[in-house]
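Quick notes on the structure that follows.
The values are calculated or read from the model by the stated rules, or taken from the named source; none is laboratory data. Not measured: the values here are computed from a predicted model. Quick reminder, even Gly has a Cβ in these numbers, built from the backbone with ideal geometry, and neighbours come from all protein chains shown.
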Amino acid sequence: MEGNEVARTQLSQTEERQLIARAQAGDGAAMERMALQYLPLARAAGGQRYARSIAEDATAAAMEELVRSVLAFDAERGVPFAAFAKVRVYGAVSHLFRKASARWGRECVPETAEACERVADDDAFGASEARLTVAQLLSALTDEERRVVHLLYEEGRTTYEAAELLGLSQSKVVRLKRQALVRMKGVLTSSVDD
């Protein structure tokens, strides 16, 4: 208990920079002190309302990113460590949640045959439309749109990350995403009309 109280006392910028430098040089005690100092930040990021379903994993991801932040911090850039760490830690939780959401979307299926039949019966599009597969929807897209959809929805990437990976601007990625969704909606609408 006493160690935690000591670790959470306000550090001056100079003390913090010295601790970071020691942690970057491999000093485990300095890294532990920084982790304890910023533990409330990691807990707050992991405990966000939208991430409650993955709170344990989110807090772990936040702590991992906190350690990475200490190792990646460059005091010469003039940004306070607290601001630098907050952006990275909250970003890591957000990224984890997007990946989990994408995975849940792919894996969410009824658990029993009876439930599957009930879903098929209740399906507004009817049985023939239920056979419309994701592959058929994706086949209506251009290669570029398909790559964007894959990165955003299957891999859970941000538009920034997708833009970086594809060598495009963020606005182009957003435009391609919109086009892909409109195109897939058109395929669904035309299959319902048939």
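Some notes on this structure:
- Among the candidates VAL79, VAL87, the residue that is modelled with pLDDT of 90 or more, out of contact with any Cys (no Cβ under 9 Å at 6 or more places or on another chain) and over 20 Å from HIS150 (Cα atoms) is uniquely VAL87.
- Among the candidates ALA21, ALA60, ALA120, ALA30, residue that is over 29 Å from ARG157 (Cα atoms), surrounded by 13 or more Cβ atoms within 10 Å (Cβ to Cβ) and at pLDDT below 90: ALA120
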